[in-house]
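One structure below.
Values in this text are rule-based calculations from the coordinates and carry no lab data. Everything numeric here is computed off the predicted structure, so don't read it as measured data. Glycine also receives a Cβ, built like all others from the backbone with ideal geometry; neighbour counts cover every protein chain displayed.
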Amino acid sequence: MRWRFVLALLCSLVTGASAAAAAAQSTAAWAPLMLLEHSIAPGTKQKFSYLGGRTFEGAFLDTAVFAARGSQPGPTLCLTALVHGDERNSFEIVRTAFAETDAQRLSGTLIALPAININGFRTGSRYMPDRRDLNRAFPGGTKGSNTAVVAGIVYQALTTYCDAVIDLHTGSFDRANLPQVRVDLSNPRATDLALRFGAAVVLGGTGPRGSLRREVMEAGIPAIIYEAGLPLRFEPEEIRAGVQGVRNVMIALGMLTDTATAPTPAARVFASSRWLRVPIGQGGVFYPDKELGTTVSAQDVIGHIDEPFSDQRFIIRADAPGTLIGMAVPQVVFSGYALIHVARNN
Ligand SMILES: [Zn+2]
């Protein structure tokens with residue numbers, strides 16, 4: 001009974017605050033940002049917990065909210081991280097980007113949800129406490145599973161406050177992603193932000209149904225994903241590139257007046273991608289023979305699998321030309337396991 005009360009209170013708090021804040025933004029001059037029960041004055045930053053007081057029942061909602069209100073008017077950029085709780089680079093990108101934001105020099109507002117799956121962050125789990133994938137649960141709602149409720153609250157916040165969204169991820173399980181931005185190339189506003197992020201690779205696609213990016217895009221807000229590195233790690237190079245990308249998007253939106261960095265070499269844009277999987281009937285220890293970022297031709301050897309008992313070696317070849325943008329690290333693999341992510345232009 002108490003749990004229901006806490007949830008109802010939270011949901012009404014979000015809807016009430018969001019509606020009031022949205023109305024205030026559209027009618028008033030540049031004013032303090034009203035977010036949940038907090039007022040963030042122009043030129044200042046605040047960090048607070050989504051759940052004001054800790055409760056056992058609501059612990060899955062006890063995530064951090066960071067907000068920077070610029071001293072000058074401008075758009076609102078929102079950053080989301082740890083939708084997958086084990087993708088730790090994403091948290092560090094958001095934390096660093098926020099820490100390096102000087103609200104006095106900012107035009108507009110930066111709102112960050114750096115640890116949406118806070119329990120997964122603590123335990124190293126991709127999934128929510130109820131074992132669901134949060135990135136298939138958007139737009140969510142006010143009823144249903146723990147995951148559906150968290151998705152609903154995040155979706156409502158993003159669609160109420162944000163003019164653009166960057167959702168941050170890494171490869172899943174023991175796979176590494178070449179730093180890349182993913183975007184729906186049919187949307188010019190989102191594509192412009194994706195290109196100006198400054199990653200060397202931009203990959204087209206809408207994302208799966210229920211993913212944060214796809215559902216937010218369908219609500220009319222340009223949203224892009226930055227994917228970089230491995231889960232369960234803090235990788236300085238990928239993190240620094242992500243922080244710089246966030247800054248580049250802030251510059252593109254007119255929130256900062258700095259000079260953006262360009263990717264070196266210039267960004268390669270791919271229309272689609274596909275995974276090469278372990279052929280049925282094969283399995284063993286996988287070793288890559290090419291590095292991430294390599295451009296391959298059809299039939300090029302990309303990796304091999306050593307069968308541990310028979311000493312047989314299975315060769316993994318490219319089935320078409322493309323660029324390697326994601327790859328499993330050496331590990332035990334079985335039939336059907338996704339090994340190598342290949343970006344293409346068709
Ligand atoms: Zn992810």
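Mind sorting 60, 91 by how few other Cβ atoms lie within 10 Å of their own Cβ, fewest first?
Numbers: 60 17, 91 22.
With the fewest neighbours first, 60, 91 line up as 60, 91.
Suppose we keep just the DSSP beta bridges with both residues in segment 2-252; what percent of those would be antiparallel, to 5?
Numbers: 17 of 37 bridges.
Here the antiparallel bridges make up roughly 45 percent for segment 2-252.
From the phi angles alone, apply the Karplus equation (6.51, -1.76, 1.60; θ = phi - 60°) to segment 101-116 and give each ³J(HN,Hα) in whole Hz, x where the residue is Gly or Pro.
These are the phi-based 3J(HN,Hα) values: 8, 9, 4, 5, 9, 9, 10, x, 9, 10, 10, 10, 10, x, 8, 5 Hz.
Is the shape of segment 56-95 best called rounded, prolate or oblate, per the rule: a/c under 1.5 gives rounded, else a/b larger than b/c gives prolate, else oblate, with a ≥ b ≥ c the square roots of the Cα gyration tensor eigenvalues?
Values: a/c = 3.21, a/b = 1.59, b/c = 2.02.
Note, shape of segment 56-95 comes out oblate.
Considering only DSSP beta bridges whose two residues both sit in segment 46-121, what percent are antiparallel, to the nearest 5?
Values: 8 of 14 bridges.
Among the beta bridges of segment 46-121, antiparallel pairing accounts for roughly 55 percent.
Quick one: helix 88-99 against the long Cα principal axis of the chain, what's the angle to the nearest 10°, folded into 0 to 90?
The angle comes out at about 40 degrees.
For residue 300, what residues show an amide H to amide H distance below 5 Å, using hydrogens built from the backbone and excluding near sequence neighbours?
Correct list: 318.
Hey, what angle do you get for helix 146-161 against the long axis of the chain, alpha-carbon based, 0 to 90 degrees rounded to 10?
60
Using θ = phi - 60° and the Karplus form 6.51 cos²θ - 1.76 cosθ + 1.60, what ³J(HN,Hα) does each residue of segment 79-87 get, whole Hz, x for Gly and Pro?
10, 10, 9, 6, 4, 9, x, 8, 8
Pairs of alpha-carbon atoms within less than 8 angstrom and 6+ residues apart define the contacts here; what relative contact order does segment 175-258 have, in percent?
Values: 116 pairs, mean separation 30.0, N = 84.
Over segment 175-258, the number comes to 36 percent.
Restricting things to Cα coordinates, could you compute the convex hull volume per residue of segment 273-344 in Å³? Mind dumping the intermediate values first?
Numbers: hull volume 5.0 nm³, N = 72.
Hull volume normalised by residue count: 70 Å³.
What does the C-alpha gyration tensor say about the overall shape of segment 137-235? Classify as rounded when a/c is under 1.5, otherwise prolate if a/b is larger than b/c, or oblate. Numbers along the way, then the final one.
Working: a/c = 2.20, a/b = 1.23, b/c = 1.78.
Oblate is the answer for segment 137-235, as a/c is 1.5 or above yet b/c matches or exceeds a/b.
What number in nm² do you get for the chain if you take the convex hull of its Cα atoms and divide its surface by four? All intermediate terms of the calculation are to be shown ahead of the outcome.
Values: hull surface 72.3 nm².
One quarter of the hull surface, i.e. the mean projection, equals 18.1 nm².
Using a 10 angstrom Cβ neighbour count of at most 14 plus a DSSP loop assignment to flag exposed trypsin sites (Lys or Arg not before Pro), which longest range of the chain is free of such sites? Before the final figure, lay out each step's value.
Working: sites that count: 54, 131, 143, 209.
It runs 210-346.
Can you tell me the 0 to 90 degree angle between the C-alpha axis of helix 236-252 and the longest principal axis of the chain, rounded to 10?
Approximately 50 degrees, to the nearest ten.
GNM, the chain, Cα, under 10 Å: largest mean-square fluctuation among 144, 171, 293?
144
I need the shape label for segment 41-112. Rule: rounded when a/c is under 1.5, else prolate if a/b > b/c, else oblate, with a, b, c from the alpha carbon gyration tensor.
Numbers: a/c = 2.73, a/b = 1.56, b/c = 1.75.
Because a/c hits 1.5 or more and a/b fails to exceed b/c, segment 41-112 counts as oblate.
Relative contact order of segment 273-344: what whole-number percent is it, with Cα pairs under 8 angstrom and at least 6 residues apart? Show your work: numbers first, answer last.
On the way: 174 pairs, mean separation 31.7, N = 72.
With pairs under 8 Å counted, the relative contact order is 44 percent.
Quickly estimate the mean residue ellipticity at 222 nm for the chain, helices only: each DSSP H run with n ≥ 4 gives -39500 (n - 2.57), and the total goes over all residues, rounded to 500. Write down the numbers at each step before the final one.
Numbers: 7 runs with 94 residues, N = 346.
After summing the helix terms and dividing by residue count, I get -8500 deg cm²/dmol.
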